[in-house]
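The values are calculated or read from the model by the stated rules, or taken from the named source; none is laboratory data. Model, not experiment: these values are computed from the prediction. Here the Cβ positions follow ideal geometry from the backbone for every residue, glycine too, while neighbour counts run over all protein chains shown.
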């Protein structure tokens, strides 16, 4: 399916905020794989890998990345954790679905 040119994104940014057990080099490899695939289809793709900030929620970091690149939409994989873990750590998926000021497309 082809989108009309008015609906196509001119540029996308693939971001990852790796969890503590994931090396930054592995995270960079993940986002570069996706960016390479997109570039192969004629899409300008940039990558961002940033360390989790102490005391900051990942959802807040993701919002800052989106703001810095001027994103109008965030596309993300959605998954859940136990209710206890989400209560303690918060939930990025829940934040994107309920609190984000940007459009969000979530896929499980």
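Here are a few things to note about the model shown:
- Sub-6 Å Cβ pairs linking a first residue in the range 42-53 that is farther than 11 Å from residue 14 by Cα to a second residue that is part of a loop (DSSP other than H, G, I, E, B), at least 6 apart or interchain, are 50/17; 52/17, ordered by first then second residue.
- In the range 84-98, the residues that are closer than 23 Å to residue 72 by Cα reach residues that are at pLDDT 75 or above and assigned to a helix (DSSP H, G or I) with C-beta atoms within less than 6 angstrom, at least six apart or across chains, in these pairs: 92/58; 92/59; 95/59.
- With a requirement of 3 or more residues that are at pLDDT 90 or above and surrounded by 12 or more Cβ atoms within 10 Å (Cβ to Cβ), the helices (runs of 4 or more DSSP H) lying completely within the range 3-98 that satisfy it span 24-39.
- The set of residues in the range 25-72 being closer than 18 Å to residue 91 by Cβ and over 12 Å from the mean Cα position of the chain (by Cα) consists of 52, 53, 55, 56, 57.
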